[in-house]
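Quick note: the coordinates plus some simple rules give every number you see, no bench work behind them. The model shown is predicted, which means the values in this text are computed figures rather than measured ones. Every residue, glycine as well, gets a Cβ built from its backbone with ideal geometry; the counts of neighbours run over all protein chains shown.
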Amino acid sequence: MSKRKPDEQKGLSRRSFLKTTGAAVSAGVVGGAAAEMLSAQAPPKKIVGPGEVAITLRINGTSRNLSVEPRVTLLDALRDRLDLTGAKKVCDRSTCGACTVLVDGKAVYACSILAIEAQGREILTIEGIAREGELHPISAAFVEHDAQQCGFCTPGFVMACKAFLDKTPNPTEAQAQKALGGNLCRCGTYIGVRAAVLDAAARMKGGR
Amino acid sequence: MASEKWPEAGKRSLIGKRVTRLDGAVKASGRAKYTYDVNLKGMLHGKMVFSPHAHAKVVSIDTSAAEKMPGVRAVHIMTGLGKEVKCQGHEILAIAAETEEQARDAARAVQIQFEKLAHFVDDAPPEKAAGYATPLAEQTTGNPDGGFKEAEVISEGIYGAPVITHCCLESHGQVAEWEGDNLRVWASTQNVSGISGEISDGLKAGGVTVPASNVQILTPVMGGGFGSKFNADTWGVACAQLAKKAGRPVKMMLERDQEIMAAGARPSIYAKVRVGAKKDGTLTAWSSESWGTGGYAAGGGNPILPYVFTRIPNRRSRHTRVVTNTGPARAWRAPNHPQMCVITMSALEDLAAQLQMDPLDFFLKNLPFVIAERAEAYRQELLKGAEMMEWKKKWHPRGDKTPGPIKRGLGLSIHTWGGGGHPSNCNCTIRPDGSVEVFLGSQDLGTGTRTVIAMVAGETLGLPVTGVKVNIGDSKYPPSGASGGSTTVGGVSASTRRATNNALNELLAKVAPSLGVEPDKLEAKGGTIRVIDDASKSLTWKQACAKLGATPITATGQRVPRGPDELISSGVGGIQMAEVSVDIETGIVKIEKMVAVQDCGLIINVKTAESQVNGALIMGVTYALFEEKVMDGASGQCLNPDMEFYKLAGIGDVGNFAVHFMTGTGYDERGVIGLGEPPVISPGAAISNAVANAIGVRVPTIPITPDKVLAALEMKGGAA
């Protein structure tokens, strides 16, 4: 006979520990040589919660007020509270990159930063990169090179690609592969993605 | 009457061209709404509670604490007291709350007592799986003992592939919303037209009566299935139950660990193989003792060996099913074929190495032992692939003798698949203003189905792809089959061709008088209806449709189940070659290049067809090098139910690809044949053979991980 206690069901992981304390320390940053860990720079913050707290997030240039428990990830805040569903929830453990958004210009796994610690930062999601009625040149390059099949990883790739090209406007293929190494696809679209990144770099020379 | 036959080469406006997928922009801009993205007013979040034990009996379930927790709105018990659970990930109950966090808290607060029972999770050879192993009947053809006597060289080995999972990026799940007696379900499914009945039946068993016709399934886009999403599944029914109990819509998507544990497994298959040949390489005999597990339900995984070379004259094979307390098997892209392929092609390549023959020559020599009508295509494909790989220039006998730790090698493999077309119905409506719509209860898994339908409709009506609105992903549309087994393109292209052609013939009959000819003298071409061979007598599409007056045309077309169909066929072949480099100090295998040569009849969209092959090669590299669902014998639990330790290849892992399609005379006239499965079959075998060629010794099973490479090298003294 074994009696299952709540903690045995999943164990107390580092992540759930962080989430239950409400301390703003965890951050996932998309890989690549130039990536820096946000957590290394973040000073310790005051303890809040466990109930909902009112926060303001700067998303795509607009201030959005919402109320979340401190443990709510930026990804869940975007998707469940603000209906910004472009960032996808796939691994929920900063492995696959499907939830990639830009925070202060850096590619970040939105599943591994808490909504409360994203306050005061400029958050850019895929919904915010295109001009009204137009495709962003990176998205357009992904379409042209068929760099997507089911498409569930695609918004994350597009955002990782944006963070990379913003910093590296003249990339080599080797640099591009390294920069996008933190994004996983199951359908197998990498051949199209390689072509799309280089083409997107060329398209973005137009000044966007 | 316009003929429904596919137009000949040279008369095709869209078919065989490179057309950009129509839903590309909506996906690449993040605007596509997958099931996981559906947010409805008042929607609750559901969570499943699964068994943590591999084998146990449910003794008690106490949900009282959970039900009192903040935000909890409904609980639905699925496996009641006294019931047996047979794997980690067996469903127990489902719970719904206002937020996802609250639902997760409540799921953790449920108190369940289990009586643990003995479990077995090892896909061990039958002699080590006593009590769990069921041998199936031996299959014998010819005289195997005589064949081995006749053989001058005999190779023996053990080969195989472990259980892997589907790991669809959009996990399994549904959003259920009741409106009176009607149920609307957004489902991440490969089977839009097929799962209403399953949900209706499942609800009935739980005391809720709703006819299947009141259950609408919606799947405008979906995030990957690969064979794991044919059913609504127990959690789909539970989602609808929770929504009924709470009187609110419920979204319930599996969490990643649940997805890996419960929602998909490719059966393992291993085999002890003996294969014999004469000194000139002619095969004389095959024998195999195979085993594997399809989980507790013992589904799937019964191989037919040898693969492709099914006509080796003397052969014996026997398979043993090992029942384990693991998640049930689901169809995994090309069910059984990758495993049968890696077993057969590895054994044959080992034999060729023993004969000191180039496997290319060895495979060519033994083509008389493949299905007769495919032999010539394989010969052409092998020669084409050899040219693309520069095989004769690069190939060396087993074991790269060049100095240094990096060893290069080449391997090849050949495969086959059926295809055909599933049953499909299409409705085409042409309106007096010239707008056109087609409706099919089909789905686009990311393969490009939506685009192919638009191309077929556009081809038939003489319109661009943008001239036809394609409506799929709704069970209220005319039914189409599930997308599995590479049957979708055959099904939907045939039904769409017929529906649009039938509609066109009605239109031609209406406009013929105004052009002063009989309808059979008219054709739809370049956005006009015109007299055949006299383009001066024509009407624009809009002018022609205006002749309809107030009444639209609506016509249907079908791909009837089974039976011959002049638009489609089945049975394809392909060959693949891999070039790898292996670091014999670290055991790391790197893919340098993959070559794929494939036939699949008449290709509708070359662009998305290439993506299918590239994607299959990547999926193949992934299962060849990385994937394994690792089970712990002592606890019965999965040790890698996450995407960090259940590894998928990244963009830097896959090497460079060259893809060639066999098209034109001899291929196009076969009609449309599906492409989803075939190119995913050979990569494991081609890569395994390339590694053996590089390092001079076989790594017996995939995935070919560094530890296995080093172990294999150690067995033969450490050098390539």
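Going toward the positive end of the dipole of the protein assembly as shown, with +1 on Lys and Arg Cβ and -1 on Asp and Glu Cβ, which of A:ALA196, B:GLY473, A:HIS136 do you reach last?
After comparing all options, I get A:HIS136.
Take each complete run of DSSP H in chain B, measure how far its Cα atoms stretch along the helix's own axis, and keep only those covering 30 Å or more with mean Kyte-Doolittle hydropathy at least -1.0; list them.
Helices meeting the span and hydropathy rule in chain B are B:488-515.
Given charges of +1 on the Cβ of Lys and Arg and -1 on the Cβ of Asp and Glu, with all other atoms neutral, how large is the dipole of the stretch A:137-204 about its Cα centre, in debye to the nearest 20?
Approximately 180 debye in magnitude.
Only four residue types carry charge here, +1 at the Cβ of Lys and Arg and -1 at the Cβ of Asp and Glu. Report the dipole size of the stretch B:646-720 about the Cα centre in Debye, rounded to the nearest 20.
260 debye
Projected onto the charge dipole of the stretch B:1-90 (+1 at Lys/Arg Cβ, -1 at Asp/Glu Cβ, origin at the Cα centre), which of B:VAL75, B:LEU14, B:ALA56 gives the Cα projection farthest towards the positive end?
Ranked along the dipole, the leading option is B:LEU14.
Taking one equal scatterer on every alpha-carbon of the stretch B:532-671, how large is log10 of I(q)/I(0) by Debye at q = 0.19 1/Å?
Scattering profile of the stretch B:532-671, log10 relative to I(0): -1.15.
Give the shape of the protein assembly as shown as rounded, prolate or oblate, defined through the alpha-carbon gyration tensor: a ≥ b ≥ c are the square roots of its eigenvalues, a/c under 1.5 means rounded, and otherwise the shape is prolate if a/b is larger than b/c and oblate if not.
rounded
Expressed as a rounded percentage, what relative contact order does chain B have, with Cα pairs under 8 Å and six or more residues apart?
Value for chain B: 17 percent.
Starting with the highest mean, order B:668-678, B:308-318, B:33-43 by the number of other Cβ atoms within 10 Å, averaged over the residues of each peptide.
B:668-678, B:308-318, B:33-43
For the protein assembly as shown, give the magnitude of the charge dipole about the Cα centre (Cβ charges: +1 Lys/Arg, -1 Asp/Glu; no others), in debye to the nearest 20.
840 debye
Kindly list the residues of the stretch B:395-436 that lie in the label zone of B:ALA719, defined by a backbone N under 18 Å from the point 7 Å along the Cα-to-C-beta vector.
Only B:397-408 pass the distance filter.
Out of all DSSP beta bridges in the stretch B:1-98, what portion is antiparallel? Express it as a percent rounded to 5.
Among the beta bridges of the stretch B:1-98, antiparallel pairing accounts for roughly 100 percent.
For the residues B:GLU156, A:GLU127, what sequence is obtained by ranking on other C-beta atoms within 10 Å, fewest first?
B:GLU156, A:GLU127
Taking all pairs of distinct Cα atoms, average 1/r, flip it, and tell me the Kirkwood hydrodynamic radius of chain B in Å to one decimal place.
Result for chain B stands at 27.4 Å.
Count the net charge of all other residues whose Cβ sits under 15 Å from the Cβ of B:VAL370, scoring Lys and Arg as +1 and Asp and Glu as -1.
Within the 15 Å Cβ shell, the charges total +1.
State, as an integer percentage, the relative contact order of the stretch A:137-204 based on alpha-carbon contacts under 8 Å between residues 6 or more apart.
55 percent
I need B:TYR378, B:TYR623 ordered by Cβ neighbour count within 10 Å, fewest first.
Ordered from fewest to most neighbouring Cβ atoms within 10 Å, B:TYR378, B:TYR623 come out as B:TYR378, B:TYR623.
Which trypsin sites (Lys or Arg not before Pro) from the stretch B:372-409 combine a DSSP loop assignment with at most 13 other Cβ atoms within 10 Å?
Those satisfying the criteria are B:LYS401.
Toward the positive end of the charge dipole of chain B, about the Cα centre and with charges on Cβ (Lys, Arg +1; Asp, Glu -1), which of B:LEU93, B:ALA137, B:SER688 goes farthest?
The residue sitting most towards the positive pole is B:LEU93.
Between A:THR73 and residues 5 or more places away or on another chain, which pairs have amide H atoms under 5 Å apart, with H built 1.01 Å from N, and which residues are they?
Result for A:THR73 returns A:ALA115.
Would you mind computing, in nm to one decimal, how far apart the modelled labels at B:GLU179 and B:THR554 are, each placed 7 Å from Cα along Cα→Cβ?
1.9 nm
How would you rank B:ILE532, B:ILE164, going from fewest to most other Cβ atoms within 10 Å of each one's own Cβ?
Ranked by crowding around the Cβ, least crowded first: B:ILE532, B:ILE164.
Would any residue of the stretch B:1-45 have its amide N under 17 Å from a label point 7 Å out along Cα→Cβ of B:ASP534? List them or say none.
Taking a point 7 Å out along Cα→Cβ of B:ASP534, the residues of the stretch B:1-45 whose backbone N falls under 17 Å are B:1.
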